[in-house]
Amino acid sequence: MRNTALLIMAAGIGSRFGGGIKQLEPVGLHDEIIMDYSIHDAIEAGFNKIIFVIRKDIESDFRERIGNRVEVICRNKGVVIEYAFQDLNDVPGSVPEGRTKPWGTGQAVLAAKDLIHESFAVINADDYYGKEAFYQIHDWLMLDHADNSIAMAGFILKNTLSENGSVTRGVCKVIEGNTYISDVVETGNIVKVGDGAEADGVVLDAESYVSMNFWGFPAKEDCNPVYLDILEQGFKEFFENDVKMNPLKAEYLLPSHIGGLLRDGKCSVRLLETKDKWFGVTYKEDTEYVIQSFKKLISDGVYKEELYSDL
């Protein structure tokens, strides 16, 4: 059995959440948060290491709200817990004067580079992905792949929209009978319009696949994932180019980086389709819907009332 790690990106400020730390909002019957369900599903699927990427300023709240509790659960299951810290100043250059915006999901992954020595997956902390995606990514990571191979859990756009405002998604172009993608474009301001979707007035195919930042990166046995070196080099290029053009707002995002690699023919991305309906807390108003969604999953028998009791 190969070791597999799950990296959970939980350093986001949550500016649209209206105050507080949205990743720590209670949504379960016993005050579980969305991350609890991701951790449960990851352990069930076979991941044996979990890395939280957080900020130093939320470390105390994070450990109190979930970290200390999950460490005990994971220790009993033989699952390792580690922490990495995303820092605005951890960059290959000087931070532009006035910059307060985080550098994005690419830098979040790089914050954990020294902790990753196995095949790994990446998810957002505030998204519920469903069990199927964890099994699919984990099973893919257990196989042999070329160094430039990547996997992506592909969600249907219409299943990933918020009723309460716009969202950003990595919209994908699919090839080879819906098994690989040829491009992924980070697209903002996507809103639900009737049964469809639009971005800045442009109609989108509601049945198209999108990235929800659930990626899988393989590593050969006893080797570090090659992608991390590629990501690190890309961050240097990003700082030399994008940051110079937009010093206060440029972000180094995983979908944009991987999309660039695809367009340059430097990687392949396997689409692992999931029909599960995404939900998450993008806006404060999303919270009640998420709470009711978990209640339904529990009543349908997908989860136990005592979440971790079936592991």
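The values are calculated or read from the model by the stated rules, or taken from the named source; none is laboratory data. Just so we're clear, the structure is a prediction, and the values are computed from it rather than from any experiment. Because the Cβ atoms are built from the backbone with ideal geometry, glycine has one as well, and the counts that use them run over all protein chains shown.
Can we say A121 is assigned to a strand (DSSP E or B), touching a Ser or Thr at 6+ places or on another chain (Cβ under 8 Å) and modelled with pLDDT of 95 or more?
Here the answer is yes, as A121 does meet what is asked.
A quick yes/no check of all residues on (1) out of contact with any Asp or Glu (no Cβ under 7 Å at 6 or more places or on another chain); (2) free of Cβ contacts under 8 Å to residues at least 40 places away in the same chain; (3) farther than 29 Å from E25 by Cα; (4) not small (G, A, S):
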site: L115; (1), (2), (3), (4): no, no, no, yes
site: I123; (1), (2), (3), (4): yes, no, no, yes
site: K131; (1), (2), (3), (4): no, no, no, yes
site: I137; (1), (2), (3), (4): yes, no, no, yes
site: I150; (1), (2), (3), (4): yes, no, yes, yes
site: Y180; (1), (2), (3), (4): yes, no, yes, yes
site: K192; (1), (2), (3), (4): no, yes, no, yes
site: D205; (1), (2), (3), (4): yes, no, yes, yes
site: W215; (1), (2), (3), (4): yes, no, no, yes
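So Y283 fits all but one of (1) of a type outside the set (S, T, N, Q); (2) touching a residue at least 60 places away in the same chain (Cβ under 8 Å); (3) over 30 Å from V27 (Cα atoms); what number is the exception?
In the conditions (1) of a type outside the set (S, T, N, Q); (2) touching a residue at least 60 places away in the same chain (Cβ under 8 Å); (3) over 30 Å from V27 (Cα atoms), Y283 misses (3) alone.
Surrounded by fewer than 21 Cβ atoms within 10 Å (Cβ to Cβ) and at pLDDT below 95: is that true of D31 in this structure?
yes
Kindly list the number of the only condition in (1) crowded, with 24+ Cβ neighbours inside 10 Å; (2) assigned to a loop (DSSP other than H, G, I, E, B) that fails for A108.
(2)
Go through (1) aliphatic (A, V, I, L, M); (2) more than 26 Å from G154 (Cβ to Cβ); (3) not in a loop (DSSP other than H, G, I, E, B) for I258 and report which single condition fails.
Here I258 clears every test but (2).
Quick one: A153 ticks every box in (1) of a type outside the set (V, I, T); (2) surrounded by 18 or more Cβ atoms within 10 Å (Cβ to Cβ); (3) over 29 Å from D286 (Cβ atoms) except a single one, so which number is it?
The one condition A153 does not meet is (3).
What is the residue count in segment 126-156 for residues that are over 25 Å from D183 (Cβ atoms), touching a Gly at 6+ places or on another chain (Cβ under 7 Å) and not in a helix (DSSP H, G or I)?
The total comes to 2.
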